[in-house]
1. Looking at the range 195-215, which of the residues that are farther than 26 Å from D247 by Cβ and aliphatic (A, V, I, L, M) is surrounded by the fewest Cβ atoms within 10 Å (Cβ to Cβ)?
2. I want to confirm something. Restricting to the range 59-75 and keeping residues that are in contact (Cβ under 8 Å) with a residue 12 or more places away in the chain, within 21 Å of R43 (Cβ to Cβ) and surrounded by fewer than 21 Cβ atoms within 10 Å (Cβ to Cβ), which single residue is nearest to the chain's Cα centre (by Cα)?
3. Picking from L246, L272, which residue would you name as being of a type outside the set (K, R), farther than 18 Å from D157 by Cα and not in a helix (DSSP H, G or I)?
4. I'd like to verify a number: residues in the range 194-225 that are charged (D, E, K, R) and modelled with pLDDT of 95 or more, how many?
5. Report whether or not A163 is among the small types (G, A, S), away from ligand 2 (no atom under 15 Å from the Cβ), buried (at least 18 other Cβ atoms within 10 Å of the Cβ) and touching a residue at least 12 places away in the same chain (Cβ under 8 Å).
6. With respect to the numbered conditions (1) surrounded by fewer than 18 Cβ atoms within 10 Å (Cβ to Cβ); (2) more than 23 Å from K259 (Cβ to Cβ), which one is the sole condition not fulfilled by R229?
7. Exactly one condition in (1) buried (at least 24 other Cβ atoms within 10 Å of the Cβ); (2) at pLDDT 95 or above is not met by A238; state its number.
8. Condition check: closer than 27 Å to G148 by Cα, within 16 Å of ligand 2 (Cβ to nearest atom), in contact (Cβ under 8 Å) with a residue 12 or more places away in the chain and not basic (K, R). Does L244 satisfy that?
Amino acid sequence: MSFFKKLKEKITKSTDSVTEKFKEGLTKTRDSFSGKVNDLIARYRKVDEDFFEELEEILIQADVGFETVMELIDELKMEVKRRNIQDPEEMQSVISEKLVNIYNSAGEQSSALNIQPDGLTVILFVGVNGVGKTTTIGKLAYRFKTEGKKVLLAAGDTFRAGAIEQLEVWGERVGVETIKHGEGSDPAAVMYDAIQAAKSRKADILLCDTAGRLQNKVNLMKELEKVKRVIEREIPGAPHEVLLVLDATTGQNALIQAKTFKEATNVSGIVLSKLDGTAKGGIVLAIRNELEIPVKFVGLGEKMDDLQEFDAEKYVYGLFAEQVEKAEE
Ligand SMILES: Nc1nc2c(ncn2[C@@H]2O[C@H](COP(=O)(O)OP(=O)(O)O)[C@@H](O)[C@H]2O)c(=O)[nH]1
Ligand SMILES: [Mg+2]
């Protein structure tokens, strides 16, 4: 059975809203990337060296990342040889299968968060200005609240004007409390207070916002280290997750940011925001392969329920939805 058929069976068995979110959120990438792949397949009569060269170019344009593309092309060539594939029509399904494989073989498969079964779980969000930290916190707060958890927010971005209010607005929208100090105050002190509040209110989850920009990069990294130290001191084992938020629309720049933050804080997972805003959604694969940090969530829009746990199969379905749906029984 072809990979598309298997995927179709799986997807139709679980026609849930999550799959639809992936399909909807990946529309731009699907139109661009899959459009080019379809065009390529239509133009070739057999799978040859030129075919692979063009495919390589399409993958690079989708921001899949050079190393990952090379690995993928090698895998595809081997598979074509092994199964003696001649017809380009068969390639979409094979490409999809290899995309899932390459993602899942790059490391830990689970996008699950390290949630404490008893007691407080502290999650710290880091990333440069505008990537979507505050929005992601709002969306995650909504998610946890829906699961029946008691959630608290800590307004740790005291640098950017309006940042505290923005988080509070999200808190009100979701119906959770925000612990804050004034603009310009010490974010480590905000964290300290937020932890005390979380303990006394017996909260399950504390989501901590941080600044994305200070006077300079060194200051920012120092501030993040200090914030982290305070959290560690107050709760052994915390923060339980340090989530780095990256903006998918910034492409390879996101990888550079990740390397900087990785050096300063112990990043445990990536949130890739604004996947809906880019036609180059292949960046997921580049991040996964080149950083060795799991992509735990992806942002697929600006609404409360537009944050989803990353899932390689649903992602690939989003890339080739029409073809998967057309796959014959
Ligand atoms: N389309 C889209 N927009 C997003 C997503 N996540 C965040 N944004 C938008 O990105 C902008 C910056 O987000 P914000 O949370 O303020 O970033 P921060 O500076 O890192 O806290 C806002 O206009 C958000 O609505 C997403 O997944 N999709
Ligand atoms: Mg913010």
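1. First, pick out the residues of the range 195-215 that are farther than 26 Å from D247 by Cβ: 195-204.
Now drop any that are not aliphatic (A, V, I, L, M), which leaves 195, 197-198, 203.
On the way: I195: 24, A197: 15, A198: 25, A203: 22.
This residue is A197.
2. Looking at the filtered set, the residue picked out is Q61.
3. Numbers: L246 fails: farther than 18 Å from D157 by Cα.
The match here is L272.
4. Going residue by residue through the range 194-225, those that are charged (D, E, K, R) are 199, 201-202, 204, 209, 213, 217, 222-223, 225.
Checking which are modelled with pLDDT of 95 or more leaves us with 199, 201-202, 204, 209.
The qualifying residues number 5.
5. Numbers: among the small types (G, A, S): yes; away from ligand 2 (no atom under 15 Å from the Cβ): no; buried (at least 18 other Cβ atoms within 10 Å of the Cβ): yes; touching a residue at least 12 places away in the same chain (Cβ under 8 Å): yes.
Judged against the criteria, A163 is not a match.
6. Here R229 clears every test but (2).
7. The number of the failed condition is (1).
8. Details: closer than 27 Å to G148 by Cα: yes; within 16 Å of ligand 2 (Cβ to nearest atom): yes; in contact (Cβ under 8 Å) with a residue 12 or more places away in the chain: yes; not basic (K, R): yes.
The answer is yes for L244.
The values are calculated or read from the model by the stated rules, or taken from the named source; none is laboratory data. All of these numbers come straight from a predicted model, not from anything done at the bench. Positions of Cβ are generated from backbone atoms using ideal geometry, with glycine treated the same way; all protein chains shown enter the neighbour counts.
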